[in-house]
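Worksheet: one structure, shown below.
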Amino acid sequence: MKKVTEGTKMPQWYMMTSKAVAEYLGSDPERGLPFERVAERLRQYGLNQLDPGKREGWWARLTRQLKNPLLFVLLVAAVVAFALGERVDAAVIVAVVLLSVAIGLYQEGKAQRALDAVAELLAPQAIVIRDGVRHEIPARDLVPGDLIWVEAGMRVPADARLVVANRLAVDESILTGESVPVEKRAEPLSIPDLPLADQDNCLWSGTLVVRGQATALVFATGKNSQLGRLGLMVGRAKRAETPLMERFSRFSWQVALAILSVSTLLFALAVWGPAQVRLEDAFMATVGIAVAAIPEGLPALVLVILAIGAERLAKVRALVRKLPAVETLGAVTVIGSDKTGTLTKNEMTITDVATPKGFFKSSGVGYAPEGRWQRSDDLQEGSLPIALFEAGVLCNDSALQVTPDGSFRPVGDPLEAAMITAAIKAGIVPESVQLEWRRVDSLPFDPEKRYMVTLHRHRNGDTLLLVKGAVEVIAPRCRGVCRASTLAEISRRADAQPFSDDHWLAVAESFASRGLRVIALACRQLPKPEGDEVLDERVLTDLLWLGLVGVQDPPRPEATLAVAECLRAGVRVVMITGDHPKTAQAVAQSLGLARAKGRPLMGSEIDQLDDAALAARLKETDVVSRATPEHKLRLVNLWVRTGEIVAMTGDGANDAPALAAAHVGIAMGQRGTDAARAAASVVLADDNFATIVRALRWGRIAYDNVKKTLLFILPTNFAQALVVGVALVLGETLPISATQILWVNLVTTVLLATPLAFEKGERRVMERPPRPPNEPLITRLIAWRVAVIGILFAAVTHQAFFWALPLWGEEVARTFAVNTLVAMQVAYLFSCRTFVDNRWRTLLVEAHPIMYLAVTGIVLLQGVFTYAPPLQALFATNALPIPLLLLLMLITVVTFFVTESEKWVMRRIGVTVL
């Protein structure tokens, strides 16, 4: 075999004769490799399996996790809390850090799991011919130059060039996305640089043989195969950082810098300002301000929100494999969707029939024989074209199989199985027709001649020749059209009416323009079987035209509605498929894609365009056809670089690299391969595109709930820091002690904020556009509200303490200040349920039950905090007199109305979401 070094361009195997391929590989097209050469090639090329790559050690992955800025801020907070002697606080923060690290470590291995899943697609066993003897060996032992044998039901074990092919058809959808099995032939092709889907004389590792038998010479194994290249692409794919994580990174550094700057300024003002506070006291108070300002409970609450979102998505049949994907779904601006099995059912259905008796359409989709045929033209004469359906059953090598769950699946060529389904819908019993017309002989489908022939003898001795194939091949061989109702009538009288090539070719073209695959059927009456010479090309003349059938891989009925809802929500849907441009465009138009009428973007065109030109071209169409895995990956990376938030859907191994690189990879759970599911962040249990829309909705709600949690927690932290900071600078007694700050931060604030994670969403959440991809976690409007509410909380708490101080003493005044802050939090909690909506009944009465449980729990906890002697000793609190309790109730009510007034102003100036 000629030595092929790294970077050397491999020959275009499909342009070479099988003899030339064998010579290049140092093999024999009939006897295969000699045994003595196998060991040497195994050493040279390695086993026929994917290289799992070097696995990273746990320490390296742990170190990378700890570089997260948010975790860094939390660790600093833990150290500060421990230095202050608050070990409980420090322990809680460390627990949050450990939980985040554990989740990150779990997700780190996902790329490797995706690579392993692609490797599992390799066939475990292979039939090889060496030294002219057939053997069954483990597929991993195949080497370039091996001669392999494949037949229906086998998975192709390596990339190979066909030597001999007998009625061979291969399902290549996991690599190319093509929904129809590819008819294979052994002859060389003359067109250079053909895409993978058009290399009809090659076999690809991992694809499935659905019909026929063949021998082929292996030219690529393991990581050098097309499937191996996919595995390497998955392993190297860099997943785009999710919007929430990116925002948290920026937010964490902003918080850290802000706390450091403010604490330093306050320390300087306290020591060298008018108050002249002692250095030690100023330092401890400054550290207390830092602890008060850090939202320790926020990461845990975000995890709760994402976990609740994942649970909600599971209920709508979307299974989340990576928690941040919950929120990312809500930010999606572009969905790159595979066609086959995602937007369509991946089930061949004969939807249209054109015969001399007229035009007919069927209801029902898929292989289940549910539905019926109806006329679709204005002609009133004639009945169903039974003869055509009978011919479809007889000129057929497939069958329908009923599975244990009652569904139907094809055995053999899916298109032929669809013909059996169509016949059953017409009232035909296939078994009865096959018994009535016994097959005498047949010529299998020839991909080059593009027809199949069968010869049948009736029980009464009549003989019919049946032909099925391409319209342009069958039509020139017809002498007329037959209007007889059944094949039995045709066999008795062969009278015919004139046949018009132009008319039927025009009908076929109209079918094709609607995305239908067109098959013609014809027949010929014969006096008797005449031996093998009967089934010769010479007898395929004077045929009687039976009609045309239009075959469709139908769009999912719910997909059209789902696409429309995506467009209303401002989410663009782009169909990316390996199918023919006309087919892809017809499906896209039936789904209502916005730019489906524009010229589809071809995979060959992608190769010729630079990124700027490709981005401009993508604005003209929502259909990408003849796309390879490299094309899909390039499109995803281009969208990511241009600031889009990308969701990619798919079900085949060919989709895995793009799924791994997208912000959210969405795999099909039922029809999807293990490789696609392992590379994805979300798996659809029902393979339903409509589920994606429901997932987008819950993703938006999850992000809204994160923002509502921020709106609730940050004002409290800001208020505590402001109260202590003002008192420190002015040299006043601190209104709240450090231990009381801990109580508010880790008990009341977290407990009260938790119900916001269960909110069911704002009205019209799917009627607004996606949030801008570059929108910060804290928008200007959120910062405004945090400042307004924080100042309000700080001012009221400060005044409450200094008003109560001379009347009831320091302990009662601090207890009153803490309870005042918590009371305002309770009022503000109900207000946080919406951004600007003022429907008070919704806010107060229609809340989630956990909201009332949380408020009840806080009342009880504050009662223990205020009146229980052990906690009084721990937190330096004291019982509140009745007047102060009544005042707390008044503060709660007034706070609610003040916060709702701010929302009313927001709504008046046109703000709908913060």
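The values are calculated or read from the model by the stated rules, or taken from the named source; none is laboratory data. Computed from a prediction, not measured in an experiment: that's the story for all the values here. Methodologically, a virtual Cβ is constructed for each residue, glycine included, from the backbone with ideal geometry; neighbour enumeration extends over all protein chains shown.
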Exercise for the section: Return the total of residues in region 553-574 being closer than 24 Å to residue 700 by Cβ and at pLDDT below 80. Expected result: 1
Practice task
Read through the list (1) of a type in the set (S, T, N, Q); (2) out of contact with any Asp or Glu (no Cβ under 8 Å at 6 or more places or on another chain); (3) under 30 Å from residue 787 (Cα atoms), then give the number of the only condition that residue 705 fails.
Solution key: (2)
Handout entry: Test for residue 216: is it surrounded by 20 or more Cβ atoms within 10 Å (Cβ to Cβ), assigned to a loop (DSSP other than H, G, I, E, B) and of a type in the set (A, V, I, L, M)
Key = no
Problem - Residue within region 271-285 that is buried (at least 24 other Cβ atoms within 10 Å of the Cβ) and either at pLDDT below 80 or more than 14 Å from the chain's Cα centre (by Cα) (or both) present - result: no
Problem - Set 266, 230, 189: member being surrounded by 22 or more Cβ atoms within 10 Å (Cβ to Cβ) and either more than 29 Å from residue 646 (Cβ to Cβ) or at pLDDT below 65 (or both) - result: 266
Practice task
Please tell me if residue 502 is without any contact (Cβ under 8 Å) to a residue 60 or more places away in the chain and either crowded, with 17+ Cβ neighbours inside 10 Å or over 41 Å from the mean Cα position of the chain (by Cα) (or both).
Solution key: yes
Handout entry: Condition broken by residue 791, with the remaining ones in (1) in the same structural domain as residue 871 (by TED's automatic domain parsing); (2) crowded, with 21+ Cβ neighbours inside 10 Å satisfied
Key = (2)
Completion exercise
Being of a type outside the set (Asp, Glu), more than 29 Å from residue 848 (Cα to Cα) and surrounded by fewer than 21 Cβ atoms within 10 Å (Cβ to Cβ) narrows 735, 776, 772 down to just 772
Exercise for the section: Go through the residues of region 700-714 one by one and say whether even a single one is more than 25 Å from the chain's Cα centre (by Cα), more than 28 Å from residue 315 (Cβ to Cβ) and of a type in the set (Phe, Trp, Tyr). Expected result: no
Completion exercise
How many residues of region 753-769 are over 13 Å from residue 829 (Cα atoms), acidic (Asp, Glu) and either touching a Leu at 6+ places or on another chain (Cβ under 7 Å) or buried (at least 17 other Cβ atoms within 10 Å of the Cβ) (or both)? The answer is 1
Handout entry: Hey, residue 388 over 19 Å from residue 182 (Cα atoms), hydrophobic (A, V, I, L, M, F, W, C) and not in a strand (DSSP E or B) or not
Key = yes
Exercise for the section: Considering every residue within region 634-655, establish whether at least one is touching a Pro at 6+ places or on another chain (Cβ under 6 Å) and not polar (S, T, N, Q). Expected result: yes
Completion exercise
Wholly inside region 831-902, helices (runs of 4 or more DSSP H) that include 1 or more residues that are within 41 Å of the chain's Cα centre (by Cα) are 840-844, 849-867
Practice task
For residue 781, indicate whether it is assigned to a helix (DSSP H, G or I), among the hydrophobic types (A, V, I, L, M, F, W, C), within 36 Å of the chain's Cα centre (by Cα) and surrounded by fewer than 18 Cβ atoms within 10 Å (Cβ to Cβ).
Solution key: yes
Exercise for the section: Test residue 434 against the criterion of being polar (S, T, N, Q) and in a strand (DSSP E or B), and give yes or no. Expected result: no
Practice task
For region 751-789, name all the residues that are of a type in the set (Gly, Ala, Ser) and under 20 Å from residue 301 (Cα atoms).
Solution key: 753, 757, 761, 783
Completion exercise
When every residue in region 154-186 that is charged (D, E, K, R) and in a loop (DSSP other than H, G, I, E, B) is compared, the one surrounded by the most Cβ atoms within 10 Å (Cβ to Cβ) is 172
Exercise for the section: For residues that are assigned to a helix (DSSP H, G or I) and touching a residue at least 24 places away in the same chain (Cβ under 8 Å), scanning just region 28-43, find the one that is surrounded by the fewest Cβ atoms within 10 Å (Cβ to Cβ). Expected result: 35
Exercise for the section: Please work out which one of (1) at pLDDT 90 or above; (2) surrounded by 15 or more Cβ atoms within 10 Å (Cβ to Cβ) is the condition residue 848 fails and give its number. Expected result: (1)
Problem - Complete set of residues in region 869-878 that are surrounded by fewer than 14 Cβ atoms within 10 Å (Cβ to Cβ) and either without any contact (Cβ under 8 Å) to a residue 60 or more places away in the chain or at positive phi (or both) - result: 869, 870, 873
Practice task
Pull up region 399-422, narrow it to residues that are part of a loop (DSSP other than H, G, I, E, B) and touching a Lys or Arg at 6+ places or on another chain (Cβ under 8 Å), then point me to the one that is surrounded by the most Cβ atoms within 10 Å (Cβ to Cβ).
Solution key: 413
Exercise for the section: Determine the pairs where a residue that is closer than 25 Å to residue 230 by Cα, located within region 149-167, has a partner that is crowded, with 24+ Cβ neighbours inside 10 Å and aromatic (Phe, Trp, Tyr) with Cβ atoms under 7 Å apart, the partner being 6 or more residues away or on another chain. Expected result: 159/219; 160/219; 161/219
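To keep it simple, each residue is scored yes or no on (1) at pLDDT below 85; (2) within 23 Å of residue 461 (Cα to Cα); (3) aromatic (Phe, Trp, Tyr).
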position: 501; (1), (2), (3): yes, no, no
position: 512; (1), (2), (3): yes, no, no
position: 515; (1), (2), (3): yes, no, no
position: 524; (1), (2), (3): no, yes, no
position: 527; (1), (2), (3): yes, yes, no
position: 532; (1), (2), (3): yes, yes, no
position: 546; (1), (2), (3): no, yes, no
Problem - Boolean, residue 577 is modelled with pLDDT under 75, polar (S, T, N, Q) and buried (at least 22 other Cβ atoms within 10 Å of the Cβ) - result: no
Exercise for the section: Could you check how many residues of region 332-356 are buried (at least 24 other Cβ atoms within 10 Å of the Cβ) and assigned to a loop (DSSP other than H, G, I, E, B)? Expected result: 2
